[in-house]
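Heads up: the structure comes next, in structure tokens.
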Amino acid sequence: MTDKWDTVVVGGGVAGISAAVHLADAGARVLLVERSAYLGGRASSFLDRQFGTLVDVSPHITLGCCTAFQELLERIEVQDKVQYLDTLEFSLPNGTRAGFRASCLPVPYHLLPALLKFPQLGLLEKASVARLMLAAIRWAGETEHADNRAEELSFADVCKRERVSPRAMQMLIEPTVISACNATMDAVDASYGLMVLWEVLCRDRFGYRLGIPRVPLASLFTDPTVSHLEERGS
């Protein structure tokens with residue numbers, strides 16, 4: 001075994017796939033070990049034997065700010081199997097929806113018109129969201145400094161400090177941060193919450209765009225990854 005392979009990667013989830021692909025592209029002979037019939041881990045599928053159809057374990061999406069994931073899709077040549085939506089929709093308490101879409105303004109102001117047009121929020125409530133966005137921009141400029149202490153607070157603490165209105169929290173901020181961090185605002189570290197806002201809404205014109213796979217997740221990863229590795233002697 002040790003004579004044939006330079007590296008063994010255990011686990012064929014997205015992280016394992018990425019590690020194996022990058023190592024193989026660098027010239028290593030890689031053995032990728034996965035107990036399931038399909039690659040992708042929690043972002044995979046199972047075979048419904050009654051209907052003979054692949055069913056995703058659970059819905060998975062990506063965002064335009066997930067550039068490392070986009071690079072992985074490009075490496076295994078499946079980037080065209082993910083569709084990116086130009087409008088980010090939010091469900092409102094009254095049952096309607098509101099969309100965020102980038103304008104022609106320069107980054108980081110490209111989503112400002114969408115915020116100003118957002119329904120069911122007053123001007124002061126929108127201003128509170130803008131303050132939080134400015135906090136995220138300041139945080140991004142301070143991340144290289146040793147005295148950056150945002151991690152000592154929870155993200156809920158930051159929102160209180162910036163006086164974000166409860167309705168703005170419910171409609172805009174919580175859906176964005178909780179879906180990204182999979183935790184409540186009190187449990188999310190301030191640095192992670194600010195990073196989400198910076199990466200998704202501020203850093204790049206297309207960071208907010210949702211990417212939805214056009215094919216079952218197992219089809220997105222399994223055969224393309226196997227082919228990519230085999231072509232490189234892995």
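The values are calculated or read from the model by the stated rules, or taken from the named source; none is laboratory data. Note that the coordinates shown come from a computational prediction; the quantities given were computed from them, not determined experimentally. Every residue, glycine as well, gets a Cβ built from its backbone with ideal geometry; the counts of neighbours run over all protein chains shown. Note: accessible area is taken over every heavy atom of the protein model, side chains too, but ligands, DNA and RNA are not part of it. Shrake-Rupley method; radii C 1.70, N 1.55, O 1.52, S 1.80 Å.
Ligands, DNA and RNA left out, the accessible area of the range 149-217 computed with a 1.4 Å probe is 53% carbon and sulfur. In a fully extended conformation the segment linking residue 25 and residue 187 would gain 54.5 nm over its present Cα-Cα distance, using 0.36 nm per residue.
Among complete DSSP H helices in the chain, those whose alpha-carbon atoms stretch at least 15 Å along the helix's long axis and whose mean Kyte-Doolittle hydropathy reaches 1.0 are 14-25.
Quick check: convex hull over the Cα atoms of the range 82-234, volume per residue in Å³, rounded to an integer? Don't skip to the answer; put the middle values down first.
Details: hull volume 25.2 nm³, N = 153.
Output value, Cα hull per residue: 165 Å³.
If the label point is 7 Å along Cα→Cβ of residue 47, which residues in the range 198-217 have backbone nitrogen under 20 Å from it? Those under the cut-off are 215-217. A Förster distance of 22 Å, applied to the separation of the beta-carbon atoms of residue 37 and residue 210, puts the FRET efficiency at 0.15.
Restricting to Cα pairs below 8 Å that are 6+ residues apart, what does the relative contact order work out to for the chain? Please round to a whole percent. Before the final figure, lay out each step's value.
Working: 345 pairs, mean separation 69.8, N = 234.
With pairs under 8 Å counted, the relative contact order is 30 percent.
Computed about the Cα centre, the dipole magnitude for the range 77-234 is approximately 820 debye when only Lys and Arg (+1) and Asp and Glu (-1) carry charge, each at its Cβ. Here each label is just a point 7 Å from Cα along the line to Cβ, and for residue 227 and residue 66 those points are 2.2 nm apart.
Using a 1.4 Å probe, what is the accessible area per residue for the range 21-103, in Å²?
Working: 5150 Å² over 83 residues.
Value for the range 21-103: 62 Å² per residue.
Please report, in cubic angstrom per residue, the volume enclosed by the convex hull of the alpha-carbon atoms of the range 33-88.
Numbers: hull volume 7.0 nm³, N = 56.
Taking only Cα atoms, the range 33-88 has a hull volume of 126 Å³ per residue.
Looking at the range 37-169, the pairs of alpha carbons with a distance over 19 Å make up 68% of the total.
Starting from the Kirkwood Rh over alpha-carbon pairs, what translational D in µm² s⁻¹ does the range 88-144 have by Stokes-Einstein at 10 °C and 1.306 mPa s?
Details: Rh = 12.6 Å.
Estimated via Stokes-Einstein, D reaches 126 µm²/s.
Mean projection of the Cα convex hull over all viewing directions, computed for the range 1-78: 6.4 nm². Dimensions of the range 54-120 from C-alpha coordinates, computed as largest minus smallest value along each principal axis and given longest first, are 42, 33, 15 Å. When the helices of the chain are scored as -39500 (n - 2.57) per DSSP H run of n ≥ 4 and the total is divided over every residue, the value at 222 nm lands at -10500 deg cm²/dmol. Translational diffusion coefficient of the range 186-234 (Stokes-Einstein, Kirkwood radius from Cα pairs, 10 °C, 1.306 mPa s): 113 µm²/s.
Explain nothing, just the number: relative contact order of the range 24-103, from Cα pairs under 8 Å at least 6 residues apart, as a whole percent.
Working: 47 pairs, mean separation 10.5, N = 80.
Once divided by the residue count of the range 24-103, the mean separation gives 13 percent.
Extension gain for residue 4-residue 83 works out to 24.6 nm (0.36 nm per residue, less the C-alpha to C-alpha distance). For the range 1-93, applying the loop criterion from DSSP together with a ceiling of 12 other beta carbons within 10 Å to the trypsin sites (Lys or Arg not before Pro) yields 4, 35, 42, 49. Between the range 150-206 and the range 88-119, how far is it from one alpha carbon centroid to the other, in angstrom? That distance is 17 Å.
When only DSSP loop residues count, what trypsin sites (Lys or Arg not before Pro) in the range 162-234 have their Cβ near at most 12 other Cβ atoms within 10 Å? Don't jump to the answer; show the numbers that get you there.
Numbers: sites: 163, 167, 203, 205, 209, 214, 232; in loops: 163, 203, 205, 209, 214, 232.
Loop-located and lightly packed - 163, 214.
Using C-alpha pairs below 8 Å separated by at least 6 residues, the relative contact order for the range 55-177 is 20 percent.
Heavy-atom accessible area, probed at 1.4 angstrom with all protein chains present, ranks 80, 25 as 80, 25, highest first.
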